Amino acid sequence: MFALAGAMATFAVNDMLVKLTAQRYPLGEVITVRGLMATLLVGGCLIAMGHLTHLRAAVQPLVLTRTAFDGAAMVLFTTALIHMPLAELSAINLVSPLMLTALAVILFAEEVGWRRWSAIIVGFVGTLIIVKPSADNFNAWALLGIACAFAGACRDVITRNLHAAIPTIVISFMAALGSAAIGGLMGLIEQWQPMALADLGALAVAAFFLAIGHYLVVIAFRGVDVAAIAPFRYTLLIWAGALGYLAFGEVPDRFAIFGSLLIVGSGLYALHREVVRRRTVTADVAPGEPGA
């Protein structure tokens with residue numbers, strides 16, 4: 001719980017610093033510089049912790065797939081971030097837990113009752129309210145936020161199923177390295193500019209918080225009851241709203257606030273129903289019986 005809440009705070013600080021910097025430089029350049037700094041930071045920690053030999057695990061298909069989804073989520077979110085208020089985009093990204101529930105049905109044949117399906121639908125309605133799907137107010141950049149939420153849900157599904165023998169720091173290292181590689185690819189179609197020392201410093205701080213966030217979120221989702229810790233993901237809205245206002249003067253409109261409340265409320269209700277379901281299943285299996 002503390003790991004996930006801490007990760008949300010560090011991600012919000014990283015997002016604010018990246019948005020500030022990306023207003024002056026090409027996005028691929030910003031992502032590459034931050035990614036390289038994060039890679040060096042996490043790589044140094046990896047060596048200090050004596051896990052250098054565990055890098056062989058990083059080439060496993062499941063780890064590489066997680067890295068790809070994490071990189072896709074990062075690029076989609078950062079691209080949308082330049083054109084959207086921080087709090088609104090963060091709210092859209094918080095539909096990810098509802099997508100995670102839907103993916104559990106598709107991938108693992110998990111049983112989901114009508115109450116949780118209703119919560120998922122309400123959450124998506126909240127997302128549409130933030131997107132404002134009308135001819136006059138439609139925000140096309142918000143679609144990238146929805147795609148980011150889907151990529152993030154896929155990443156979290158994979159994180160839950162990674163082998164426990166793979167050190168968390170190795171997974172974090174791959175996430176940082178993957179972001180630098182993706183930024184480098186984006187740079188092939190960009191015209192990079194020399195960065196001011198102050199902007200390099202801002203990205204160094206962003207890389208520090210990003211590295212911590214990656215490490216904490218992997219800890220949060222590995223081998224735990226997701227329904228118990230997932231509500232702490234919604235603390236992101238508090239940090240994103242506060243930092244968006246302080247750094248950019250962003251104030252969410254009534255549609256964004258109402259849509260955010262629907263997303264958070266539906267997500268919390270879906271998690272509540274998951275807890276109720278698991279308690280029911282546990283109660284039905286008496287001690288001593290198969291599966292008890």
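Points worth noting:
- Tyr215 sits with roughly 70 Å² accessible to a 1.4 Å probe, with DNA, RNA and ligands left out of the calculation.
- When the residues His214, His163 are ordered by accessible surface, computed with a 1.4 Å probe over the protein chains alone, the sequence from largest down reads His163, His214.
- Projected label points at Phe258 and Ala165, each 7 Å from Cα along the beta carbon direction, are separated by 5.4 nanometres.
- Label-point separation, Leu128 to Val205 (7 Å along Cα→Cβ), nm: 4.1
- Heavy-atom surface of the range 152-217, accessible at 1.4 Å and reported per residue (Å²): 44
- Kirkwood Rh (inverse of mean 1/r, distinct Cα pairs), the range 123-223, angstrom: 16.7
- Counting heavy atoms of the protein chains alone, His83 has an accessible area of about 90 Å² for a 1.4 Å probe.
- Taking Cα centre as origin and charging only the Cβ of basic (Lys, Arg, +1) and acidic (Asp, Glu, -1) residues, the dipole magnitude of the range 146-236 rounds to 240 debye.
- Across the protein chains, with a 1.4 Å probe defining accessible surface, the residues Asp15, Asp253 rank Asp253, Asp15 from largest area downward.
- Per-residue accessible area (protein heavy atoms, 1.4 Å probe) orders Arg24, Arg56, Arg116 as Arg56, Arg24, Arg116, starting from the largest.
- To the nearest 10, the accessible area of Leu20 is 60 Å² with a 1.4 Å probe.
- For Ala198 and Cys45, a Förster radius of 25 Å and the Cβ-Cβ distance give a FRET efficiency of 0.45, rounded to the nearest 0.05.
- Spin-label proximity, Arg222 to the range 156-191 - amide N less than 19 Å from point 7 Å beyond Cα toward beta carbon: 156-179
The values are calculated or read from the model by the stated rules, or taken from the named source; none is laboratory data. Only a predicted model underlies this, so the values are computations on that prediction, with no experimental measurement involved. Cβ: placed from backbone, ideal geometry, glycine included. Neighbour counts: every protein chain shown. The protein model used for the area step is the full one, side chains on, heavy atoms only, and it has no ligands, DNA or RNA in it. Shrake-Rupley method; radii C 1.70, N 1.55, O 1.52, S 1.80 Å.
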